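The values are calculated or read from the model by the stated rules, or taken from the named source; none is laboratory data. In this text the structure is predicted, and so the values were computed from the model without any measurement. Here the Cβ positions follow ideal geometry from the backbone for every residue, glycine too, while neighbour counts run over all protein chains shown. Just the protein is used for accessible areas: all its heavy atoms, side chains included, with ligands, DNA and RNA removed. Shrake-Rupley method; radii C 1.70, N 1.55, O 1.52, S 1.80 Å.
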Amino acid sequence: MRPQLIRLCPGFVVLALALALAAGAPSVFAGEAGALPPSVANAMAQASPQAIMEYRRKLQEYQEARAAFEQDASAYWNAVTEKRRGRNAKRRDRVQISLDDYVLQQPPVYEGPKRPVNPAPEEEEGKPPRPPKTLPVASDLVRAAAEQFQFTPQRPASEVEFKRAYARYARAAGLTPEQAVRVYSFETGGTGTYDVQAGIEHGGKRAISTAMGYNQLLTTNTVELLAEQGHEFVRDLTERVARTQGPARKAMEHKLAVLKKMVAFTRTVPDDWSAHARLADTPQGWACHAMVLDIDVGPMLQTHKLLTSVIFARNKGYSRPLTAAELEMMNLTGDGTGLDMVTMPQAMREQVPTANFFQRSGYERNPVAIRHNTVARLLAVTNERMDFNSNKPGAKELAATF
């Protein structure tokens, strides 16, 4: 079940300092130096009394300003949540949605002082910093597939071979060339290869997420697609096996057997995004994500990443073909939230802030949504980037394959 909001867990984080201040908790610096961890006490003993007093004064100012901001921000985002619940209820009852069903003010922005720098170290000696979470790259996925399912994805002989396979499957499934090419242009910058990963492109050296391929599937996307659409993938691959002759047939039969095992694995938990995310962050989940690289199954996954949104909109009574920018909104934010934007009249798009379609944590980490802070502006900048990137070599090559 695809999430109904941007790909982040719901809820938001309130700063511990602000909570402590609002609750009347004493500052950790209010006591005697002997009450502090030894390393901090020693460092503060070496700092000048004037520096310590100035730090405490600035910290108090920061805490007070931050607490006041958090009070306003919490009220705002609570209102966004309540309005969203109201819209969902209206949709269930087939009641017309109006401007009153959205928060029309922009989110509050913190404009107070920055947190001051502590003149003493805050970490205790001997306590190592938490290492960053390891994100799998293509080599890790392939290794997991070999270890968990005794399978190696069949990689294309060339990039254009994968593009042709994707174009054939996407067109047959019902995606338009305009949708496929423009979403590819937006997601990959118009130059991405079938195995491009977020962060490892344009000279990047470190993966920033597991998003991979033309439509940037996360490991959770792959697990969810296998769980929900796996029967279609098995059916299509079974037909290909039947058409395959000679030595290649044995390899195809093995691929089909592995695909069936992967589908069964993804269905060992309820059809829920959080449950699928937990499966995705396992060796078996990494192995499933390796199918994004396979010349036969990869195009299926890439296609259904978008096709599920098209079908969702159609089932909700939205009969007009989705533009690529509208489809991208559903691709990015989840089908329910994206359709909320897609079905909105243009006059309302000009007035409704983008904050209505995000959780706070996702919004505050999304500079595009913040800068282009109405639905109309967000769709406009998406279209502009699609226009620009559609003229790049990878996009032109994909368009030619259609």
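Quick look at the numbers
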| item | result |
| --- | --- |
| Helices (runs of 4 or more DSSP H) fully within segment 203-311 counting 1 or more residues that are of a type in the set (Val, Ile, Thr) | 219-243, 247-266 |
| Positions within segment 58-108 being in contact with a Leu (Cβ under 9 Å, 6 or more places away or on another chain) and of a type in the set (Asp, Glu), in sequence order | Glu64, Glu70 |
| Filter result (open to solvent by 50 Å² or more (accessible area, probe 1.4 Å) and among the small types (Gly, Ala, Ser)) within segment 314-367 | Gly317, Ser319, Ala347 |
| Residue that is modelled with the highest pLDDT [pool: residues in segment 239-252 that are open to solvent by 90 Å² or more (accessible area, probe 1.4 Å) and closer than 19 Å to Phe151 by Cα] | Lys250 |
| Hey, Lys90 of a type in the set (D, E, K, R) and either more than 30 Å from Thr337 (Cα to Cα) or modelled with pLDDT of 95 or more (or both) or not | no |
| Some residue of segment 190-207 being under 15 Å from Ile295 (Cβ atoms) and either small (Gly, Ala, Ser) or touching an Asp or Glu at 6+ places or on another chain (Cβ under 8 Å) (or both) | yes |
| Within segment 127-177, tally of residues that are in a helix (DSSP H, G or I), polar (S, T, N, Q) and under 24 Å from the mean Cα position of the chain (by Cα) | 1 |
| Evaluation of Lys305 against (1) of a type in the set (Lys, Arg); (2) open to solvent by less than 10 Å² (accessible area, probe 1.4 Å); (3) within 24 Å of Ser98 (Cβ to Cβ) (one fails), failing number | (3) |
| Close pairs (8 angstrom Cβ cut-off, 6 or more residues apart or separate chains): without any contact (Cβ under 8 Å) to a residue 24 or more places away in the chain in segment 136-160, in a helix (DSSP H, G or I) and open to solvent by 40 Å² or more (accessible area, probe 1.4 Å) anywhere | Thr152/Ala146 |
| Top-ranked residue of segment 209-225 - restricted to ones that are farther than 18 Å from Thr191 by Cα and not polar (S, T, N, Q), ranked as surrounded by the fewest Cβ atoms within 10 Å (Cβ to Cβ) | Leu218 |
| Answer residue from segment 154-174, given it is open to solvent by less than 10 Å² (accessible area, probe 1.4 Å) and in contact with a helix residue (DSSP H, G or I) (Cβ under 6 Å, 6 or more places away or on another chain) and is nearest to Leu307 (Cα to Cα) among those | Ala170 |
| Selection from segment 368-399 of residues that are within 30 Å of Tyr169 (Cβ to Cβ), within 20 Å of the chain's Cα centre (by Cα) and either open to solvent by 80 Å² or more (accessible area, probe 1.4 Å) or among the hydroxyl-bearing types (Ser, Thr, Tyr) (or both) | Thr382, Arg385 |
| Flag for Glu54 being in a helix (DSSP H, G or I), at pLDDT 85 or above and closer than 28 Å to Arg365 by Cβ | no |
| Residues located in segment 84-122, provided they are open to solvent by 60 Å² or more (accessible area, probe 1.4 Å) and in a helix (DSSP H, G or I) | Arg85, Asn88, Arg91, Arg92, Asp100 |
